[in-house]
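S.K.: I have a structure here, written as structure tokens, and I will follow up with some questions on it.
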Amino acid sequence: MSLTKNEFKSTLVVSLIFSLRLFGLFVLLPIFSLYASEYENSSAFLAGIALGIYSLSQALMQVPMGFLSDKFGRKKIVMLGLIMFIFGSLICYFSKDINTLIIGRLIQGLGAISSIGIATLSENTSANNRASAFTIMGISVGGAFIIGFIIGPFFASIYSFKSIFILLFILGFIATIVTYLYYPNDKNEKINSTKIKYNNNLTQIYLGSFFLSLILSMMLYTYPLTWNSLGATKDELPIIYLYIFLPAVLFIYPLVRYFEKIKKIDKMVKAGWFFLVLGYLIYLIAPKNNYSLYALGILFFFGSSVFNSILPSLLTFNIPNNLKATSTGPFYLMNFLGHAIGALIAGLIYMKESYLGIQNSLFIYFISILIVIIWIKIDLPEYKEKNE
């Protein structure tokens with residue numbers, strides 16, 4: 001079944017706002033660990049805090065912002081979140097020391113709207129078309145990934161690291177205007193209960209969100225530093241990220257759509273785990289050179305792209321209709337908590353060159369593969385549409 005005109009319009013608007021908002025995270029990830037250490041009073045650990053505090057504040061605010069949107073309407077709370085992001089971006093731009101940068105990143109993250117966007121999209125699409133809608137969102141987020149990872153290093157090298165925060169200010173302002181003019185009308189039921197009925201399915205999905213963001217944050221802190229150790233310069237990072245992201249965009253999202261049509265998306269879940277494990281194993285076992293590092297990046301983003309498409313759609317099949325944003329809140333709480341903890345762990349590990357005789361970057365990749373194995377053991381629920 002194809003998306004209707006209204007479904008397609010709602011999907012495009014929400015995807016645009018969602019991608020512009022997440023761009024604020026993606027544009028900084030590939031270079032943050034390289035530049036944050038140059039601020040006054042900075043250290044590897046404080047750079048990790050500056051990277052992770054954004055995700056931590058996002059995590060803390062997902063449920064409150066989701067609940068407020070269930071109670072007072074999606075559009076109003078989305079605009080509030082975007083305004084907070086704009087204000088935080090300005091603080092980051094004017095910061096000179098690492099502590100002020102941390103404060104700005106904290107305020108950027110307080111405007112947590114991810115759960116609201118997912119709830120809006122689930123309300124404006126039918127169950128049969130939902131995976132397709134989230135695949136379109138996944139493509140837009142993937143595009144934000146690619147553009148962010150190219151523009152971030154480009155802006156930092158041509159202009160300055162601080163110039164990125166002005167870019168975020170502008171994009172936040174554009175997202176606010178789009179929200180005001182085109183955000184879909186509310187279709188949620190007014191809440192009469194504040195209780196979320198948890199079950200094993202939701203627990204597995206929430207933990208999946210946590211594990212995915214945990215390994216993603218650890219990867220994106222470590223990966224550019226690993227390239228740097230092999231002699232790659234900051235100016236080369238845009239091309240490197242283009243090489244590792246483009247295959248996922250070309251192959252993974254069409255595959256998700258195909259397996260949705262034949263109702264075998266569960267096979268893609270297993271493929272996602274396989275890609276992640278294989279990527280880590282290749283780099284841990286093979287010679288440490290450009291080829292093995294490219295293989296790690298490509299396979300990692302094969303796997304992460306699978307779950308970026310499937311997890312949000314899977315979530316919507318397991319939450320109550322009258323508490324969609326509130327129930328989606330814990331999903332993004334765990335998501336951003338994973339980002340925060342991953343950045344802090346990576347920053348702490350990079351304070352020493354080796355652990356137990358293992359180089360710090362290899363130690364992080366080894367921890368990451370253990371996390372994926374734990375995730376596989378916990379599993380995810382069957383991808384099954386609910387009747388609406």
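S.K.: Regarding ILE83, is this residue within 20 Å of PHE165 (Cα to Cα) and either surrounded by 19 or more Cβ atoms within 10 Å (Cβ to Cβ) or of a type in the set (Lys, Arg) (or both)? Walk me through it before giving the result.
M.R.: Details: within 20 Å of PHE165 (Cα to Cα): yes; either surrounded by 19 or more Cβ atoms within 10 Å (Cβ to Cβ) or of a type in the set (Lys, Arg) (or both): no.
No.
S.K.: Given the residues GLY152, GLY143, GLY109, which is the only one that is at negative phi, out of contact with any Leu (no Cβ under 9 Å at 6 or more places or on another chain) and touching a residue at least 12 places away in the same chain (Cβ under 8 Å)?
M.R.: Numbers: GLY152 fails: out of contact with any Leu (no Cβ under 9 Å at 6 or more places or on another chain); GLY109 fails: out of contact with any Leu (no Cβ under 9 Å at 6 or more places or on another chain).
Selected residue: GLY143, the only one of GLY152, GLY143, GLY109 that is at negative phi, out of contact with any Leu (no Cβ under 9 Å at 6 or more places or on another chain) and touching a residue at least 12 places away in the same chain (Cβ under 8 Å).
S.K.: Does SER37 qualify as being in contact with a His (Cβ under 8 Å, 6 or more places away or on another chain) and either in a loop (DSSP other than H, G, I, E, B) or modelled with pLDDT under 80 (or both)?
M.R.: Numbers: in contact with a His (Cβ under 8 Å, 6 or more places away or on another chain): no; either in a loop (DSSP other than H, G, I, E, B) or modelled with pLDDT under 80 (or both): yes.
The answer is no for SER37.
S.K.: Among the numbered criteria (1) surrounded by 23 or more Cβ atoms within 10 Å (Cβ to Cβ); (2) on the phi > 0 side of the Ramachandran plot; (3) of a type outside the set (Ser, Thr, Tyr), which one does GLY73 miss?
M.R.: Unmet for GLY73, out of (1) surrounded by 23 or more Cβ atoms within 10 Å (Cβ to Cβ); (2) on the phi > 0 side of the Ramachandran plot; (3) of a type outside the set (Ser, Thr, Tyr): (1).
S.K.: I'd like to know if the range 54-68 contains one or more residues that are touching a strand residue (DSSP E or B) at 6+ places or on another chain (Cβ under 9 Å), buried (at least 18 other Cβ atoms within 10 Å of the Cβ) and either assigned to a helix (DSSP H, G or I) or of a type outside the set (Phe, Trp, Tyr) (or both). If you could, list the steps in order and put the result at the bottom.
M.R.: Filtering the range 54-68 for residues touching a strand residue (DSSP E or B) at 6+ places or on another chain (Cβ under 9 Å) gives none.
No: zero hits.
S.K.: Which condition number in (1) over 20 Å from GLN62 (Cβ atoms); (2) surrounded by 17 or more Cβ atoms within 10 Å (Cβ to Cβ) is the one that SER229 fails?
M.R.: (2)
S.K.: Name every residue in the range 239-258 that is under 15 Å from ILE31 (Cβ atoms) and surrounded by fewer than 19 Cβ atoms within 10 Å (Cβ to Cβ), in order of residue number.
M.R.: ILE239, LEU242
S.K.: Are any residues in the range 1-34 in a helix (DSSP H, G or I) and closer than 19 Å to SER157 by Cα, and if so, which ones?
M.R.: The answer is PHE23, GLY24, LEU25, PHE26, LEU29, PRO30, ILE31, PHE32, SER33, LEU34.
S.K.: Give the residue, chosen from ILE139, ILE103, ILE107, ILE118, that is modelled with pLDDT under 85, in contact with a helix residue (DSSP H, G or I) (Cβ under 9 Å, 6 or more places away or on another chain) and surrounded by fewer than 22 Cβ atoms within 10 Å (Cβ to Cβ). Quick ask: steps written out before the conclusion?
M.R.: Values: ILE103 fails: modelled with pLDDT under 85; ILE107 fails: modelled with pLDDT under 85; ILE118 fails: surrounded by fewer than 22 Cβ atoms within 10 Å (Cβ to Cβ).
Checking each option against the conditions leaves just ILE139.
S.K.: If you go through the range 285-299, how many residues are in contact with a Ser or Thr (Cβ under 9 Å, 6 or more places away or on another chain) and either part of a helix (DSSP H, G or I) or of a type in the set (Asp, Glu) (or both)? Quick ask: steps written out before the conclusion?
M.R.: Within the range 285-299, the subset in contact with a Ser or Thr (Cβ under 9 Å, 6 or more places away or on another chain) is 285-286, 288, 293, 296.
Applying the additional criterion that residues be either part of a helix (DSSP H, G or I) or of a type in the set (Asp, Glu) (or both) yields 285, 293, 296.
Total meeting the criteria: 3.
S.K.: Let me ask another. Going by the conditions given, is TYR350 at pLDDT below 90 and buried (at least 19 other Cβ atoms within 10 Å of the Cβ)? Walk me through how you get there before you give the answer.
M.R.: On the way: at pLDDT below 90: yes; buried (at least 19 other Cβ atoms within 10 Å of the Cβ): yes.
Taking the combined requirement at face value, the residue satisfies it.
The values are calculated or read from the model by the stated rules, or taken from the named source; none is laboratory data. The shown structure was predicted, so the numbers you read here are calculated from the model rather than taken from an experiment. Every residue, glycine among them, receives a Cβ derived from its backbone with ideal geometry; neighbour counts consider all protein chains shown.
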